[in-house]
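Here is the structure we will look at.
Read-outs: derived from the displayed coordinates by stated rules, not from any lab. Only a predicted model underlies this, so the values are computations on that prediction, with no experimental measurement involved. Heads up, the Cβs are rebuilt from the backbone with ideal geometry, glycines too, and the neighbour counts pull from every protein chain shown.
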Amino acid sequence: MVHLKNKLTQKEQSLLRDQLNHEKLCIQKYNNYAQQAEDPQLKQLFSQYSSQEQEHYDTINQLLQGSQILSAGQGQAQMMQGGQGVGQYSMEVGAMGQQAPQSVKQGRTGLRNQDDAMLCMDMLATEKFISSAYDTAVFESANPEVRQSLQHIQKEEQQHGEGLFNYLSEHGMYDAQ
Ligand SMILES: [Fe+2]
Ligand SMILES: [Fe+2]
């Protein structure tokens, strides 16, 4: 096993263990919702995100075990370029999270689609929570490898949020007021 240059602090370990549990919850929810969703496109979206959450789980698990992160390096270049867009996007999600429950168009989308919309909005809220927890964890990371891995994962959580948001918008399940 390859070891990190510096040992993880207690705080890092504790935050990583929390995030490991969050990822586990995400995997389970996406798997369940992929089965429950009516729309094949949404099923596919949930399945795809589930496997990305699995990668996050594996990365954090490796960090906790003190091994070097193989996947973390891949996203770093993208991460540096993408900084600006990420901030903008967080604001959109923040605004949306508050309005989401009223925004299901009941008459037009029908009951089944309404169920799909609820699954989608539930995952959007989950992603928003997890992204915010990663934000805290990034600030508390003393170890640069841990910090970079968490930043990379957080960017993907924000992309998940964007995908869910776009699905809702494209299907008339969200009123952009
Ligand atoms: Fe994740
Ligand atoms: Fe995610």
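With a Förster radius of 25 Å, plug the Cβ-Cβ distance of Asp122 and Lys7 into 1/(1 + (r/R0)^6) and report the FRET value to the nearest 0.05.
So, using R0 = 25 Å, E works out to roughly 0.10.
Mind scanning Lys7/Lys128; Lys29/Lys128; Lys7/Lys155 and naming the pairs with a C-alpha gap bigger than 22 Å? Walk me through the numbers before you get to the answer.
Numbers: Lys7/Lys128 30 Å; Lys29/Lys128 14 Å; Lys7/Lys155 25 Å.
Long pairs (Cα-Cα over 22 Å): Lys7/Lys128; Lys7/Lys155.
What are the ³J(HN,Hα) couplings of segment 132-140, residue after residue, when phi is run through the Karplus curve with 6.51, -1.76, 1.60 and θ = phi - 60°? Round to Hz, x for glycine and proline.
With coefficients 6.51, -1.76 and 1.60, one gets 5, 5, 5, 4, 4, 5, 4, 5, 8 Hz.
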